[in-house]
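**Q** Questions regarding the structure given below will be posed in turn.
The values are calculated or read from the model by the stated rules, or taken from the named source; none is laboratory data. On a predicted model such as this, the values are computed, not experimentally measured, just so you know. Here the Cβ positions follow ideal geometry from the backbone for every residue, glycine too, while neighbour counts run over all protein chains shown. Surface accessibility is based on the protein's heavy atoms, side chains included, excluding ligands, DNA and RNA. Shrake-Rupley method; radii C 1.70, N 1.55, O 1.52, S 1.80 Å.
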Amino acid sequence: MVAGILLGVYVHVHWHAWVFMLACSLACAVVCLRRGELRILALPAVAMGVAACAAVYAHREFHTVADDHIVTYTGPSRQLATVEGVVASYPQVVAAASSQQFAYPRPDRMTFTLRAAALGVQGRRISVSGLVSVNVSGVDSAIRLGSHVRIVGWVGRWRAPANPGQADWAKIGRLRRLFVWMNADVDGVEQLPSDGPPWHRRLAWRMQSDAMEHFSTEEDDPHGGPLLSALVVGPRHPGLRHLNQLMARAGVAHYLSISGTHLAIFLMFIYGLCRLAAASQRRSAWIVLIVLTAYLFAAEPSAPLLRASIMAGTMCLAVICRRCYSSLNSLAAAAVILLVMDPLAIFNPGFQLSFTIVLGIILLHAPIRQWLFGRFLKVRGLRVYRNPHGARRFIEHRLADWFMSAVSVGFGAYIASLPLCAQHFGILSPYGVVLTILLAPIVAAVLVPAYLSLGVAWLMPNLARGLTGASLDAADFLAQCVSWFDRLPGLSLGLRPVGAAWVLLCYAFVAGLMLRKRLPFGRIAVGACAAVLVGLTIWTQRAASPPDVARFDLLAVGHGQCGVLHAPAGGVYLFDCGSQTEPDLYRSLLEPYLKFRRLPSPREAFISHAHTDHYNGLADLVRTGRLRRAYMPRHFDSPSRLSLDQSAGEFLDLLRRHDVEIVHLHAGQRVTLDDRTHVDVLWPPEDSTIDDPNEDSLVLRVVCDEKSLVLPGDIAGSSQAALTGAVGISDAAVLPHHGGYLPTLRNWLEGCSPRIVMCSRQGSPRPPYSDKLEGGALYTMLRKERMLRWTSRHGCITLRFGKGVLEMRTMLNEW
């Protein structure tokens with residue numbers, strides 16, 4: 001079935017070919033079953049038929065949409081439209097206080113998924129279907145799960161990634177069947193009366209909403225309430241992003257989503273209560289099955305939760321029917337059921353990790369237990385305990401069994417998840433097993449009172465509130481423990497992209513270790529697999545070789561600027577790193593870019609001026625201790641300027657706390673990067689008294705083998721006029737102030753006369769209405785004669801210059 005899904009997605013043939021293969025396979029199976037001598041071929045024929053059926057299903061889900069799907073009425077560019085539909089996910093509120101440090105202030109916003117029913121565009125109303133990801137600026141507490149709303153805002157499709165290594169939201173949306181996004185203001189959201197969906201869906205929505213509101217906190221609680229909701233109900237609040245990243249680095253991110261661990265704690269607690277009440281095993285299993293069904297209505301469905309629920313349900317049915325329970329069979333049944341529901345779920349990292357971890361625990365638990373504690377088990381089996389030694393027997397048997405099971409399960413899950421974590425998240429957590437075991441009792445202390453509170457909320461609300469308070473305290477302590485983990489040396493190791501072949505080879509090595517005594521030449525095969533794995537690991541983690549000429553990448557960061565220079569000697573340097581529109585520039589754009597390009601972390605950065613859209617992405621780079629030197633204009637830290645800009649002062653304090661060398665630059669200085677590359681400082685003058693940070697921006701000329709690139713920062717009218725003719729002829733230039741038009745811009749460009757012009761901008765460069773004719777003519781000339789490219793349209797812009805080479809490429813299509 002899995003092979004058929006992969007074939008249906010990646011093999012580009014018409015679906016009629018898969019239908020023909022299905023018919024042939026079924027016919028072959030029928031013939032083989034009727035002829036006794038060919039019966040051995042019936043199983044491969046049935047397997048081929050299953051693969052063909054799965055291929056047809058996956059091809060239909062991945063490559064086609066309904067004729068009335070909303071994506072068919074949205075173009076590649078955003079458009080103003082009205083969308084009607086039903087809120088299909090619990091609305092999450094992202095507070096402005098949860099944004100990153102040094103980020104531009106934003107209003108509170110609300111995010112949810114809308115099941116579209118109608119689209120209004122260009123005066124037409126069209127009946128549509130499909131899901132829309134909605135982001136509303138502002139908060140409306142009346143919007144709930146299941147509300148029927150009409151929203152006026154901007155609608156568009158997800159674009160391909162604009163930067164190397166960036167998350168491909170177009171592909172992610174395709175796998176989730178979520179092709180369209182929408183941005184709106186809270187004033188553009190209107191609730192509509194509705195007859196409502198069927199009763200069972202209304203019941204599920206009501207239970208989910210009540211559960212989420214039950215754990216919500218009125219006070220400003222950044223972690224407690226959202227963390228408790230994520231652990232018990234499922235939806236992960238956007239405010240938990242930093243905590244989620246920290247838990248992923250520590251190797252305990254599985255605690256943040258409902259999985260087998262959470263469900264096991266919950267159901268074992270229910271089963272224990274039933275047994276304490278003298279209920280039989282079958283009656284207890286019935287009660288657990290009923291409670292599990294009710295819980296699925298209240299929790300957000302996800303692959304780990306549904307997998308664990310199916311396995312728990314089959315265990316209850318085995319007890320009720322007095323049949324033996326097979327964990328492998330129940331795991332396979334869960335996989336089949338979930339893939340029938342959604343064949344594209346197999347590409348979801350959560351689905352892959354959930355099933356792989358459980359399979360690893362089932363297969364590796366006993367061998368790891370024997371390998372780690374085999375000698376102790378042999379010695380313990382020879383001991384004889386008398387009545388006075390009952391406590392010793394309890395410790396050496398019951399407690400020791402719990403400890404050995406926890407360690408072996410932890411190691412099995414760690415080994416099974418390590419290759420997938422390396423592929424999907426690019427991290428290796430050496431402390432994962434130990435921290436998972438240490439956090440288990442704390443997670444249990446969070447979940448048990450929370451589940452009790454949820455169960456008695458309607459009958460005893462006061463008791464429920466007290467239990468919720470205890471659970472919130474435990475959740476706060478859990479978040480505090482995770483923050484303490486950040487102080488551990490070597491908490492996580494960053495990995496460069498490894499690829500699917502490396503992942504498959506890792507699992508082949510683990511399988512070979514388990515079967516080495518059963519296979520002919522098993523030890524030799526395992527040794528050869530280990531050698532190949534080590535060689536492939538070294539190959540995938542190698543650093544990029546130095547380029548033959550300088551390479552400058554102007555990243556697409558929205559409203560801001562971030563340039564990365566890879567010098568011929570191998571050094572990596574940043575020229576500004578900030579954005580107004582990307583709240584976490586380093587984690588979302590810069591770090592994936594560096595891993596994709598296989599570049600070392602930059603040790604030096606040039607900051608043009610004291611506006612946060614040019615430096616707020618450096619904060620995480622500074623905290624990790626990787627940035628060692630920062631170049632900036634000499635008036636960046638002047639007392640008069642710091643009194644007006646608190647963020648600049650906080651950033652300078654951050655640099656000093658982490659012992660980053662601060663170098664002030666002025667016109668006439670030169671910074672040598674290597675024997676072929678240097679940076680000339682053209683502005684500001686040493687005796688400058690300019691108070692405007694834009695006018696005081698660093699203007700730099702990067703030279704490699706007589707080829708040059710000018711980076712003017714955000715200089716405005718007076719600085720552009722002063723530099724006209726003083727910059728000198730350059731081969732390439734970045735437009736000052738994100739391409740904003742001023743009357744002095746034409747003379748400045750004529751003075752440096754670049755053959756290639758680039759612009760870091762959120763929208764297309766265009767003049768104000770008052771200068772529409774003159775400015776429009778200038779930008780038209782730049783597009784035709786100077787190869788003007790801007791990041792919002794063309795994505796990351798790569799410039800190679802030096803040794804007679806001047807080339808430009810863009811990440812996205814030219815037009």
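**Q** Need the list of aspartates and glutamates near Lys784 for cross-linking: C-alpha distance under 18 angstrom, and skip anything on the same chain fewer than eight residues off.
**A** Leaving aside aspartates and glutamates fewer than 8 places away in the same chain, those within reach of Lys784 are Asp731, Glu750, Glu774, Glu807, Glu814.
**Q** Around Phe606, with a cut-off of 11 angstrom between Cβ atoms, what is the net charge of the other residues, counting Lys and Arg +1 and Asp and Glu -1?
**A** Values: positive: Arg629; negative: Asp576, Glu604.
Charge balance in the 11 Å sphere: -1.
**Q** Assuming R0 = 60 Å, what is the FRET efficiency of Ala569 and Ala525, from their Cβ-Cβ distance, to the nearest 0.05?
**A** Efficiency computed from Cβ-Cβ geometry: 0.85.
**Q** A follow-up question, please. Could you check the spin-label model distance between Arg809 and Ala440? Points 7 Å from the Cα along Cα→Cβ, value in nm.
**A** 5.0 nm
**Q** Ok, one more. Anything over 29 Å Cα to Cα? Flag those among Lys707/Lys772; Lys378/Lys517; Lys171/Lys595; Lys772/Lys803, in the order listed.
**A** Working: Lys707/Lys772 34 Å; Lys378/Lys517 22 Å; Lys171/Lys595 20 Å; Lys772/Lys803 40 Å.
Pairs exceeding 29 Å: Lys707/Lys772; Lys772/Lys803.
**Q** Starting with the highest mean, order 598-607, 184-193, 333-342 by the number of other Cβ atoms within 10 Å, averaged over the residues of each peptide. Write down the numbers at each step before the final one.
**A** Details: 598-607: 19.5, 184-193: 14.2, 333-342: 16.3.
By packing density, highest mean first, the sequence is 598-607, 333-342, 184-193.
**Q** Using the beta-carbon distance between Ile662 and His12 and R0 = 56 Å, what value does 1/(1 + (r/R0)^6) give for FRET efficiency, to the nearest 0.05?
**A** Values: r = 55 Å, r/R0 = 0.98.
The computed FRET efficiency comes out at 0.55.
**Q** Rounded to the nearest 500, what is the 222 nm mean residue ellipticity of the chain from helices alone, with -39500 (n - 2.57) per DSSP H run of 4+ residues and division by all residues? Walk me through the numbers on the way to the answer.
**A** Values: 26 runs with 371 residues, N = 815.
Rounded to the nearest 500, it is -14500 deg cm²/dmol.
**Q** Using 0.36 nm per residue of separation minus the Cα-Cα distance, give me the extension gain between Leu33 and Arg626 in nm, one decimal. Each step should come with its number before you reach the end.
**A** Numbers: separation 593, 0.36 × 593 = 213.48 nm, distance 6.63 nm.
Net length gain for the segment: 206.8 nm.
**Q** Mind ranking 54-65, 533-544 by how tightly packed they are, going by the mean number of other C-beta atoms within 10 angstrom, highest first? Walk me through the intermediate numbers first.
**A** Working: 54-65: 19.0, 533-544: 12.9.
Output ranking for 54-65, 533-544: 54-65, 533-544.
**Q** How much length would be gained if the chain were fully extended between Ser718 and Thr689, taking 0.36 nm per residue of separation minus their Cα-Cα distance, in nm to one decimal? Could you put the intermediate results ahead of the total?
**A** On the way: separation 29, 0.36 × 29 = 10.44 nm, distance 1.30 nm.
Between Ser718 and Thr689, full extension yields 9.1 nm more.
**Q** Quick one: if the Förster radius is 60 Å, what FRET efficiency do Gln79 and Lys517 give, using the C-beta to C-beta distance and rounding to 0.05? Before the final figure, lay out the partial values.
**A** On the way: r = 65 Å, r/R0 = 1.08.
Taking R0 as 60 Å, the efficiency between Gln79 and Lys517 is 0.40.
**Q** May I ask you to compute the full-extension gain from Met341 to Arg598, defined as 0.36 nm times their residue separation minus their alpha-carbon distance, rounded to one decimal in nm? Mind showing how you got there, number by number?
**A** On the way: separation 257, 0.36 × 257 = 92.52 nm, distance 3.85 nm.
Residue separation times 0.36 nm, minus the Cα-Cα distance, leaves 88.7 nm.
**Q** Now for a different question. Over segment 364-493, give the accessible area per residue in Å² for a 1.4 Å probe, as an integer. Intermediate values should be presented prior to the final figure.
**A** Details: 7440 Å² over 130 residues.
Each residue of segment 364-493 exposes 57 Å² on average to a 1.4 Å probe.
**Q** In whole percent, how big is the carbon plus sulfur part of the accessible area of the chain, probe 1.4 Å, protein atoms only? List each step's numbers first, then the result.
**A** Values: 23720 of 39380 Å².
About 60 percent, which is the carbon plus sulfur part of the accessible surface.
**Q** Using the basic label-point model (7 angstrom from Cα toward the beta carbon), what is the Val186 to Glu706 distance in nanometres?
**A** Reported label-point gap for Val186 and Glu706 is 6.2 nm.
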